[in-house]
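First the structure, in the form of structure tokens, and then the observations on it.
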Amino acid sequence: MKYNNKSFCKYTFLSICMLISLFCICLSSCGGDGDSQDNGNDGRNNTTDVAVTGSVSNIERESANISGYVNLNLITISYGECEYGVEIGSNMIKATSLIGRSFSITAKGLIPNHEYKYRTYVKVKDITYYGNYNVFRTKSITNYLEDLDATNISFSSVRLNIVVNNNKMANDSDKEKFRYGWTISSDKDFQKDIDFVYYNPNDTAVRSYVDNQNNLHLWHIIPKLSSETQYYYQAFIELNGNRFYTSTKTFTTQKLPFNIIDSGFVDLGLSCLWYATNLPGYFAWGETSTKSEREYTISNYKYSNPIDRFSRKFYYRHIGDDISGTTYDAARAKLGANSRMPTKAELEELQNNCKMYSITYNNQEGVVIVGKNGSAIFVPSEGYITSNEYSKYVSYEVETMPSGIMLWSSTLRDAEVDKDYRYAWALTVNTNYGETTICKSIDISPRFWGLRIRPVSDK
């Protein structure tokens, strides 16, 4: 058999090519990196990054599991000589061990309903490698609340309402720690006029009941609002000092149904005319000038004298059973002969025959007094002032009642009851009883206390 040289060369070349191809296939199947069998993880060891950020699982209100990955083949030292973990917020949480090339940590003490940025870090000697940032959000607890619309909106108050879903929180280990309430402001950014109201099962200020589906209904009347004003409010649930709000809602108070008169004497349909404002400052009973805060003491009272030079006991001078219209009358001294202090009987007439509403008027809390004829005057909540000059702890202790109203009458307490002439009668209006409740009464006050005076005039 004869061989052709050209054919022999052709067959030899093809055979060599086939052998080279088989060799490449075998080489690739054996693997070029003995470490590749070490991961079993999704091939992330092929990345050029030393630190690879992983995923988040088991996200709860205050915790989450976060995984990461360390590319050991890119590190020239053993993994036991490096530190690795997760950076979350400003905290670095160190992992304790690797499984293959992966690790997992549990981030605790997180804030509910909060977005967190995190990434893997690997420290090798003086160099720290970081993975890319990822984000996650912890679970919310506001889903336990249903914030209902405001109701019973008047010119000075509103009813705010919440429903707490007890069924949703039935298995929540923190359910006994929750606090609920509202925040309300006339500023949409809640930077001013903020009022917080908390629900306390032992406090009747916030009303509650449980319906037949085990939902807890809470509501509260917010008083002392300004008329014709838009307010912003949010319900909240609080846990461990962190407060979580529902979305912001709004309401607008109604227009005043009466006209507040701001100057002069006003006819309220009573036996005398009432001045539209208080006299400026505070007065001790029977004194016609104001003093500094610390001077409203028994020793500084114009009509008191010590029993002896070594005693802290004083007696009061009797300057009249009723000082209305006399030289001891501050209203007459300040406004003239047509003005005077109201008597106890006139304060009782005002209390018993007029309606009172707790409102905010011209940015000041107080009470509007509406007469039988519909006319109205405003009395600011300015309380009283006095000092305890013989306090055990300090030389002077100033006491005030800024949330209420105290107005002097001109009438001294009955001498048969108060033989030392220590007290005079005053109208007291306390607006701090929650909702729209106003506690009003004619009470006695020590004569040296500083109270406000609302002048009257005869018709």
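All of the numbers you see were taken from the coordinates with simple rules; none came from a lab. None of the values given here were measured: they were computed from a predicted structure. Note that we place each Cβ from the backbone using ideal geometry, even for glycine, and neighbour counts take in every protein chain shown.
So here's what we get for this one:
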read-out	value
Where labels lie 7 Å past Cα in the beta-carbon direction, separation of residue 315 and residue 75 in nm	9.3 nm
Spatial separation of Cα centroids for region 343-377 and region 58-124, in angstrom	66 Å
Residue list for region 166-210, given a label point 7 angstrom along the Cα-to-Cβ vector of residue 229 and an amide N cut-off under 17 Å	183-197
HN-Hα J in Hz across region 357-363 - Karplus 6.51, -1.76, 1.60, θ = phi - 60°, x for Gly and Pro	10, 7, 9, 10, 10, 6, 6
Cα-based shape type of region 322-362, given that a ≥ b ≥ c are square roots of the gyration tensor eigenvalues and the cut on a/c is 1.5	oblate
Label-to-label distance, nm, for residues given as residue 242 and residue 57 (7 Å Cα→Cβ offset)	2.3 nm
Region 84-96 - phi-based ³J(HN,Hα) in whole Hz, Karplus 6.51/-1.76/1.60, Gly and Pro as x	8, x, 10, 9, 10, x, 9, 9, 10, 9, 7, 7, 9
Furthest towards positive pole of dipole, 421, 354, 316, structure part region 259-458, Cβ charges	316
Extended-chain gain in nm, criterion 0.36 nm per residue less alpha-carbon gap, residue 170 and residue 190	4.0 nm
